[in-house]
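Participant: Quick one: the structure is below, questions incoming.
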Amino acid sequence: MTRRKKTRSLADKVTIRTGKRKDYRRWRHDHPDEVAPSRRFVDKKTQQRKLQAERKRQRQSAPPLPLHSSGVDGDASNKEGSD
């Protein structure tokens, strides 16, 4: 006869559980239409999205940096010097 493996958690073995986080998570998963985020959370996320959009607009409206202004000529001189 084989021995059963010991489990560290008895959470899944208990049949009657009330007010526990796991039960609440299961209920939320089963009833998605009854669960809505809090107003505070919605306002916070809306504000974060506005800030992110503003930062993106600032990045896109900034003048481009002259990093590669030399273009193809600089690449050709580098290749000749490496030979």
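The values are calculated or read from the model by the stated rules, or taken from the named source; none is laboratory data. Please read all numbers here as calculations on a predicted model, not as lab measurements. Here Cβ is always computed from backbone atoms with ideal geometry, including for glycine, and neighbour counts include all displayed protein chains.
Participant: Any chance the range 35-48 includes a residue that's polar (S, T, N, Q), at pLDDT below 75 and either in a loop (DSSP other than H, G, I, E, B) or touching a Gly at 6+ places or on another chain (Cβ under 6 Å) (or both)?
Facilitator: No, there is no match, as no residue in the range 35-48 is polar (S, T, N, Q), at pLDDT below 75 and either in a loop (DSSP other than H, G, I, E, B) or touching a Gly at 6+ places or on another chain (Cβ under 6 Å) (or both).
Participant: While we're looking at this one, here's another question. When you check Gln58 against the structure, is it assigned to a helix (DSSP H, G or I), modelled with pLDDT of 85 or more and exposed (fewer than 10 other Cβ atoms within 10 Å of the Cβ), yes or no?
Facilitator: Answer is yes for this residue.
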